[in-house]
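The structure under discussion appears below in the form of structure tokens.
The values are calculated or read from the model by the stated rules, or taken from the named source; none is laboratory data. No experiment lies behind these values; they were computed from the predicted model shown. Virtual Cβ from ideal backbone geometry, glycine too; neighbours counted across all protein chains shown. SASA here: full protein model, heavy atoms, side chains in, ligands and nucleic acids out. Shrake-Rupley method; radii C 1.70, N 1.55, O 1.52, S 1.80 Å.
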Amino acid sequence: MRKLDILADLSDRVALITGGAGHLGQAMAGALLQSGCRVILADRHDDWLADVCATLTGLHGPRVHGVTCDLEDEAARIAMADRVSHEHKRLDILINNAGFVGDTALQGWVTSFEEQSIATWRRALEVNVTAPFHLAQLFAPLLRQGGKGSIINVSSIYGMLGPDMSLYEGTAMGNPAGYAASKGGLIQLSRWLATTLAPDVRVNSVSPGGIGRGQPQEFVDRYVARTPMKRMGEEEDFLGVVAFLASDLSAWVTGQNIVVDGGWSAW
């Protein structure tokens, strides 16, 4: 029987993380790098990506690579897959972390249900569901090749639960239907892929609760009061679950949605 440190070792594997220049993407990359993995970060922000790659290289050595990709663009996704296949020759872990979250300035997004636009709905589904489907399809041959393939799809508690809109009262924040529907679709896509790609590739999803990112204090207070652990999430809270799902620690785990939400969904 192998020891835990052997099961957790990723020193022979390559991972691709979309949304790699974001807060959660960086944290996930750090977790995999600590386990010995080589990591490719994909993001549409060139300057952010370069800075993150430089920082992680300084901390973990030259095992970090960046690739620019706009996940809304089908041709860009294909080009990224071709580049990864050509330059790295393998892929063992695919983390679909990038998400379309929009902002308050995006027309037809954070507004009343009646004013939410079909255009923003379609953009959310393209990034949050279609891109993970397409990348899984494009990378399936490489993921199968190594015999240790693992896809981790980052969903949300709002892919499982309806929103409590009272949390957002008095703030510019909101909870668009397109976000919830796309994240719910991603959980079901994970189950579908898990049974379809087995036994060569495992597929699981992770559903984070709210992560503290400088939200208005009135929102934070309401959110914390509603959370059994009495705080919002931090990037560090997700390191363990990602290291677990990426490695042989979870070799018999597939088709699961692991919720990391401080107990929010337990009420």
Skip the ligands, DNA and RNA, and give the accessible area per residue of region 134-247 with a 1.4 Å probe, whole Å². 42 Å²
Max mean-square fluctuation residue, GNM over the chain, Cα-Cα springs under 10 Å, options Ala75, Ala136, Ala180: Ala75
Assigned charges on the beta-carbon of Lys, Arg, Asp, Glu; region 12-93 dipole about Cα centre (debye): 440 debye
Tell me, what is the percent relative contact order of region 1-116, built from C-alpha pairs under 8 Å that lie six or more residues apart? 27 percent
Using the Cα centre of the chain as origin and beta-carbon charges of +1 (Lys, Arg) and -1 (Asp, Glu), tell me which of Trp192, Ala177, Ala50 is placed farthest towards the positive end of the dipole. Trp192
Out of Leu106, Ile157, Leu135, whose Cα points farthest toward the positive end of the dipole of region 76-161 (charges: +1 Lys, Arg; -1 Asp, Glu; placed on Cβ)? Leu135
Cα-based Rg of the chain normalised by 2.2 N^0.38 Å, two decimals: 0.98
20 Å Cα-Cα reach of Lys148 towards lysines, excluding residues that sit fewer than 8 places from it in its own chain: Lys3, Lys89
With a 1.4 angstrom probe the carbon and sulfur portion of accessible area for the chain, in percent, totals 55 percent
Anisotropy class of region 116-254 from Cα gyration tensor, a/c 1.5 cut: oblate
Computed over the Cα atoms, what is the radius of gyration of region 3-108 divided by 2.2 N^0.38 Å, N being its residue count? 1.11
Can you compute the modelled spin-label distance between Thr196 and Asn175, with each label point 7 Å from Cα toward Cβ, in nm? 3.0 nm
Going highest first, how would you order 40-46, 214-220 by mean Cβ packing within 10 Å? 40-46, 214-220
Within region 38-137: Cβ-based charge dipole about Cα centre, in debye rounded to nearest 20 (Lys, Arg +1; Asp, Glu -1): 520 debye
Please find, in a Gaussian network model of the chain (springs between Cα atoms separated by less than 10 Å), the residue of Gly58, Gly30, Gly146 whose mean-square fluctuation is greatest. Gly58
Dividing the convex hull volume of the alpha carbon atoms of region 90-146 by its residue count, what do you get in Å³ per residue? 75 Å³
As a check on your grasp of the helix formula, calculate [θ] at 222 nm for the chain: sum -39500 (n - 2.57) over DSSP H runs of n ≥ 4, divide by the residue count, round to the nearest 500. -12500 deg cm²/dmol
Let's see if you can work this out: charge +1 on each Lys and Arg Cβ, -1 on each Asp and Glu Cβ, no other charges. What is the dipole magnitude of the chain about its Cα centre, in debye to the nearest 20? 900 debye
From Cα pairs below 8 angstrom and at least 6 apart in sequence, can you work out the relative contact order of the chain, rounded to a whole percent? 19 percent
What residue among Ala29, Ala8, Ile78 has its Cα farthest toward the positive end of the dipole of region 5-88, where the charges are +1 on Lys, Arg and -1 on Asp, Glu, each on the Cβ? Ala8
Solvent-accessible area per residue for region 1-65 at a 1.4 Å probe radius, Å²? 49 Å²
Which trypsin sites (Lys or Arg not before Pro) in region 199-262 sit in a loop by DSSP (not H, G, I, E or B) and have at most 12 other Cβ atoms within 10 Å of their own Cβ? Arg213, Lys230
Please report the spacing between the Cα centers of region 66-125 and region 160-178 in Å, no decimals. 22 Å
If I build a Gaussian network model for the chain, linking alpha-carbon pairs within less than 10 angstrom, which residue out of Gln256, Gln188, Gln107 has the largest mean-square fluctuation? Gln107
At 7 Å along the Cα-to-beta-carbon direction for both Asp248 and Val224, put a label point, then send me their distance in nm to one decimal. 4.3 nm
Region 180-207 and region 217-267 have their Cα centres apart by a whole-number Å value of 18 Å
